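Peer 1: Dropping the structure in here first, questions after.
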Amino acid sequence: MTDRNAKSHHPGKEAAGKAAAELVKDGTIVGLGTGSTTAYAIKSLGERVKKGLDIRAVVTSYQSEMLAIQAGIPLTSLAENPVLDIAIDGADEVDAKLNVVKGGGGAHFREKVVSLSAKKFIVVVDDSKISETISMAIPIEVLPCARELVQQQVAQMGGEAVIRPASRKDGPVISDNGNFIMDAAFGEIPNPQEFADKLSNVVGIVEHGIFTNTDKVYIGYKDGKIELRE
């Protein structure tokens, strides 16, 4: 698979990805997320595997699967290893309390399963993803037959849910699980945990993109420096 960072190299993303990859030790079972910053972590782990690092990985999407195979990282599954030592993933927004929003790539359902299966969940981002309070539209994976019902329930919560249009095909973005990806805008969300619980009760939503289980966040800056928050 073509490296999606090849034409848009970001020193901060690379530094954050490499720093998180250094947490992975010999004998580790690691969860590998999806996205441009995580791709740097996967590449770094692949280089270490070639030098003898003994790890196995559970992937969260077809994209991370292809990148891991290309990097030479042995793959496993949650069926074989239901408890992971560590999971590394990116995010679309990170608030002051390390709550994150994921799903810009539409893989947040599998990403949440993997992150909650891990003893430690590490997030890697560039500094543009940092905010005081979560305010971006929340990605939601929705059963196609429940699209209208989900829109009605989101409206009752004071939000607006719209189908995410595909950029290179007619119609909606379809997840790796065969469901619609929608984006639900609510404005600022001062209490992500409480709001996440409410979204989880919306009938028809397979999973939403609010994650409240982050242990550490590596933030990369354009000059290549990184900041650790935990």
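Peer 1: Suppose the filter is touching a residue at least 24 places away in the same chain (Cβ under 8 Å), in contact with a Ser or Thr (Cβ under 8 Å, 6 or more places away or on another chain) and either within 21 Å of residue 129 (Cα to Cα) or assigned to a helix (DSSP H, G or I) (or both); does residue 46 pass it?
Peer 2: So residue 46 does not fit the description; no.
Peer 1: Please go through region 152-163 and give me each residue that is over 10 Å from residue 202 (Cβ atoms) and in a helix (DSSP H, G or I), ordered by number.
Peer 2: Correct list: 155 only.
Peer 1: Which one is least open to solvent (accessible area, probe 1.4 Å) among residues in region 169-185 that are farther than 14 Å from residue 143 by Cα and in contact with a strand residue (DSSP E or B) (Cβ under 7 Å, 6 or more places away or on another chain)?
Peer 2: Filtering region 169-185 for residues that are farther than 14 Å from residue 143 by Cα and in contact with a strand residue (DSSP E or B) (Cβ under 7 Å, 6 or more places away or on another chain), the one least open to solvent (accessible area, probe 1.4 Å) comes out as 184.
Peer 1: When you check residue 205 against the structure, is it farther than 16 Å from residue 148 by Cβ and at pLDDT 95 or above, yes or no?
Peer 2: no
Peer 1: Could you check region 22-39 and list, in sequence order, the residues that are touching a residue at least 40 places away in the same chain (Cβ under 8 Å), surrounded by 24 or more Cβ atoms within 10 Å (Cβ to Cβ) and in a helix (DSSP H, G or I)?
Peer 2: Correct list: 37, 38.
Peer 1: Also: Tell me, please, whether a residue that is within 21 Å of residue 90 (Cβ to Cβ) and open to solvent by 40 Å² or more (accessible area, probe 1.4 Å) can be found in region 136-147. Before you say what the answer is, go through the steps one by one.
Peer 2: First, pick out the residues of region 136-147 that are within 21 Å of residue 90 (Cβ to Cβ): 136-141.
Filter again for open to solvent by 40 Å² or more (accessible area, probe 1.4 Å), leaving 136.
Yes, region 136-147 has at least one match.
Peer 1: For region 129-136, does any single residue satisfy the condition of being in a strand (DSSP E or B), at pLDDT 95 or above and not hydroxyl-bearing (Ser, Thr, Tyr)?
Peer 2: Yes, region 129-136 contains a residue that is in a strand (DSSP E or B), at pLDDT 95 or above and not hydroxyl-bearing (Ser, Thr, Tyr).
Peer 1: Let me ask something else. Residues of region 40-57 being open to solvent by 10 Å² or more (accessible area, probe 1.4 Å) and not hydroxyl-bearing (Ser, Thr, Tyr), which ones?
Peer 2: Listed by number, the residues that qualify are 43, 47, 48, 49, 50, 51, 52, 53, 54, 56.
The values are calculated or read from the model by the stated rules, or taken from the named source; none is laboratory data. The structure presented is a predicted model; accordingly, all values stated were derived computationally and were not measured. Don't worry about glycine lacking a Cβ; one is built from the backbone with ideal geometry, like all the others, and counts go over all protein chains shown. For accessibility, only protein heavy atoms count, side chains too; no ligands or nucleic acids. Shrake-Rupley method; radii C 1.70, N 1.55, O 1.52, S 1.80 Å.
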